[in-house]
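Heads up: the structure comes next, in structure tokens.
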Amino acid sequence: MKSLKPIPWKDVELTAGFWEERNRVNREATIPVGYQHCKSTGRFEAFKLNWKPGKPNEPHVFWDSDVAKWLEAAGLSLGTNPDPDLQRRADRVIDWIAGAQQSDGYLNTHFSVVDPKGRWKNLRDEHELYCAGHLMEAAVAYYEGTGKRKLLDVMCRYADYLCKVFGRKRGQKRGYPGHEETELALVKLYRATGVKRYLDLAAFFVNERGRRPHYFAKEARARGENKSYRWGDYDYLQAHLPVREQKTAEGHAVRAGYLYAGMADVAAETGDKELFKACRTLWQNITERRMYITGGIGSTRHGERFTFDYDLPNETAYAETCAAISLVFFAHRMLNAEGDAKYADVMERALYNNVVSGVSADGKHFFYDNFLASMPGSHKFNGQKSPERQEWFGCACCPTNIVRLMASIGGYMYSLRGSTVYVNLYGGSSAQVGLNGRQVVLQQRTGYPWKETVHLTVKPVEKQTFTVALRVPGWCRKAGIKVNGKTVRPPMRKGFALLKREWREGDKIDLSLPMPVERLEAHPSVRHDAGRVALQRGPVVYCLEEADNGKDLNDILLDPRARLSVSLDAELKVPVVKAHGRKRSKEGWNGELYRVQRSRVTPCPVKAVPYFLWANRGVGEMLVWVREG
Ligand code: FUB
Ligand code: ZN
């Protein structure tokens, strides 16, 4: 079956509602904040290549990627919201980047000034190809957003150089990125330019990975290293086996997500069924055994990685913002490859929960790891001393990932295959779709994910027969659809309701997606969630916060029969969930640590708020999986 093509972000105007707001906050707050941080930390300056030993702001091995992701966001944003000031700043950054390119096409600040002899000596750890990939993505976004090709030309020169350095011919290196990213970026560059060797290089990187003799071992020997790799057999970087033989998602979660997205891209472009099968197997392992209810992946901060099936601790969850974003990338590619709404369900789960949790409501503060239970004082990592979003991080991968994702969110909403337009995500928007050479506008009006109804207006330039495929989310048990006021029962295919007819200007579709609050149970093998439930309404996972429920959230018991009511919260301006619960009391405990006598349990009100909004009202406890009883 032919794959779906996403409707580009540029052709989707966000008009109102959840994603319009997140995209606006991103534009007005996060992009400027990102610029300031890249400036004040010396990340921009690094491209001037004037750093000398002993000077501050030594260019770090992955600083280039932060600038690239900021620039990608700028390009995306300029494509939908022209802003001369932003364009001027971004153009200047591009001039600096272009000025840092070496005569052979190579471009990397760290290896140009800090470690010039180190070029390509340590692909395993040093992020050179990762940075190259992010710069390629920035170049494509900036070109597509502004029509300016200076950075695109720079990055094509760099990619041409990479095509000479890496490959199977004599004198070439049979290496591949230690931190994946370049694979998917090369496919983007190929799609933007039509230059086939970029796709070939992406396929080479994917197919070479994990082969024996092991490139990383050979490379380490050449560096004179004789101790074994600290992460063991290379599963940390998904190079323990050739990718087609990998059955479980292993290692560093961001790397894994980027690799799988790149594999899906290469499979889509080359028609490689075996590679796509490997993507499906890995997808299944993640979503059936290794993913948090929030769409987070990576269960431990030790190696920021996957651990083993059903190991999903809450208080020590890692669930890095970047990892959830990498899952969104993977899901989007699988959705378009298979036209199956189940992928969009996971994409939506990650977006509304783990991803948006990564940024504060004001767009200026960020989470790196996204716990599902939190006690103030218990998290000390990545500069995160308490469960509060931070202004920035020394390792700034997450804020810069958020900024580019939020700028491109419109690009995830619709897809096209032949004469079928797919609506993947709901949100106030207007999409321009070229159908059989004729223009069709599809407008959405909706208060989703808070409201249950979505109103679509179809506007073909002239009447035309085509199909509007509406995603019926997996969480929704009883969707209702009306066309021009009349109830219809269209056929379903892979989670999409197919509305085929001759559409005329102004035809209306009303979709209702009843979203009662539901108690979700985790698979019995998830030991951390035993005896607990999570509350979910529509795609949004809820949590308890100290601000509403006081301390000791683990002492709260939710009766399985308790009514869960939904009301609009005056302060948060979103629906919150309320119920009557019970709470264990500390009264009468006098210095004992253990005792026979049971604690008193008293009635208490329980209030749950959307998980992604947690920690916007000061520091306090938080809990997603609530005890039931
Ligand atoms: O290594 C580059 C980025 O920094 C990774 O993607 C993140 O997980 C963090 O380790
Ligand atoms: Zn990150």
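The values are calculated or read from the model by the stated rules, or taken from the named source; none is laboratory data. Just so we're clear, the structure is a prediction, and the values are computed from it rather than from any experiment. All Cβ positions, even for glycine, are placed from backbone atoms using ideal geometry, and neighbour counts span all protein chains on display. Accessible surface areas use protein heavy atoms only, side chains included; no ligands, DNA or RNA. Shrake-Rupley method; radii C 1.70, N 1.55, O 1.52, S 1.80 Å.
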Peptides 249-258, 596-605, 89-98 ordered by average Cβ neighbours within 10 Å, highest first: 249-258, 89-98, 596-605
Val601-Phe308 FRET efficiency (beta carbon distance; Förster radius 45 Å; 0.05 resolution): 0.80
Cross-link partners of Lys586 among lysines (Cα-Cα below 17 Å; sequence separation of 8 or more within a chain): Lys551
Cα-based Lys proximity count in the stretch 406-499, under 27 Å, for pairs eight or more positions apart or on separate chains: 14
Solvent-free Debye scattering, log10 I(q)/I(0), computed from the Cα coordinates of the stretch 574-629 at q = 0.18, 0.20, 0.23, 0.31 Å⁻¹: -0.82, -0.92, -1.04, -1.30
Per-selection metrics, the stretch 475-558 (Cα): Rg and Dmax in Å: 19.7, 58
Using a Förster distance of 30 Å, the FRET efficiency for Lys2-Glu288 (Cβ separation, nearest 0.05): 0.65
Coil-residue GluC sites (Glu not before Pro) of the stretch 527-615, DSSP, other Cβ within 10 Å capped at 11: Glu571, Glu587, Glu592
Selected from Gly538, His580, Gly495, residue furthest toward positive end of dipole (the stretch 454-591; charges at beta carbon): Gly495
Inter-label distance, nm, simple model (7 Å from Cα along the C-beta direction), Glu245/Thr270: 1.7 nm
Per-residue ³J(HN,Hα) for the stretch 333-347, Karplus 6.51 cos²θ - 1.76 cosθ + 1.60, θ = phi - 60°, Hz, x for Gly and Pro: 5, 5, 4, 6, 6, 10, x, 10, 5, 4, 6, 5, 4, 6, 4
Aspartates and glutamates with Cα under 18 Å of Lys508, excluding same-chain neighbours fewer than 8 positions away: Glu452, Glu462
Given charges at Cβ of Lys, Arg, Asp, Glu: the stretch 103-241 dipole, positive-most of Leu186, Gly147, Leu135: Leu186
Over the stretch 207-264, equivalent-ellipsoid semi-axes from the Cα gyration tensor in Å: 22, 12, 9
Portion, in percent, of the accessible area of the stretch 457-496 that falls on carbon or sulfur, probe 1.4 Å: 51 percent
For the stretch 268-337, with +1 on Lys and Arg beta carbons and -1 on Asp and Glu, the positive-most of Met334, Ile293, Thr316 along the dipole: Met334
The stretch 319-445, dipole about Cα centre (Lys/Arg Cβ +1, Asp/Glu Cβ -1), debye to the nearest 20: 240 debye
Where labels lie 7 Å past Cα in the beta-carbon direction, separation of Leu572 and Arg221 in nm: 5.8 nm
Cβ crowding within 10 Å averaged over residues, with 421-433, 125-137, 548-560 ranked highest first: 125-137, 421-433, 548-560
Estimated distance in nm for a label pair at Thr487 and Asp200, the labels positioned 7 Å out from Cα along Cα-to-Cβ: 5.9 nm
Accessible area expressed per residue, the stretch 270-350, with surrounding protein chains retained (probe 1.4 Å, Å²): 29 Å²
Percent RCO, i.e. relative contact order, over the stretch 203-275, from Cα pairs under 8 Å lying at least 6 residues apart: 33 percent
Cα-based convex hull volume of the chain per residue, rounded to whole Å³: 168 Å³
Span per principal axis, largest first, for the Cα atoms of the stretch 395-496 (Å): 53, 36, 24
The stretch 456-497-the stretch 226-253 distance, computed between alpha-carbon centres (Å): 44 Å
Computed lengthening from Gln36 to Thr453, 0.36 nm per intervening residue step minus Cα-Cα distance: 146.1 nm
Net charge dipole size for the chain [Lys, Arg +1 and Asp, Glu -1 on Cβ; Debye, nearest 20]: 1180 debye
Per-residue ³J(HN,Hα) for the stretch 588-597, Karplus 6.51 cos²θ - 1.76 cosθ + 1.60, θ = phi - 60°, Hz, x for Gly and Pro: x, 8, 10, x, 6, 9, 9, 7, 7, 5
Long pairs among Lys342/Lys573; Lys173/Lys196; Lys69/Lys117, criterion Cα-Cα beyond 23 Å: Lys342/Lys573; Lys69/Lys117
Mean-position separation - Cα centroids, the stretch 146-173 and the stretch 276-308, in angstrom: 32 Å
Residue-wise HN-Hα coupling along the stretch 127-144, computed from phi with Karplus coefficients 6.51, -1.76, 1.60 (Hz; x: Gly, Pro): 6, 4, 6, 4, 4, 4, x, 5, 5, 5, 4, 4, 4, 5, 5, 5, 5, 5
Placed amide H near Arg305: partners under 5 Å, 5+ positions off or other chain: Ala253, Ser299, Thr300
Separation of alpha-carbon centers, the stretch 506-585 and the stretch 105-138, rounded to whole Å: 46 Å
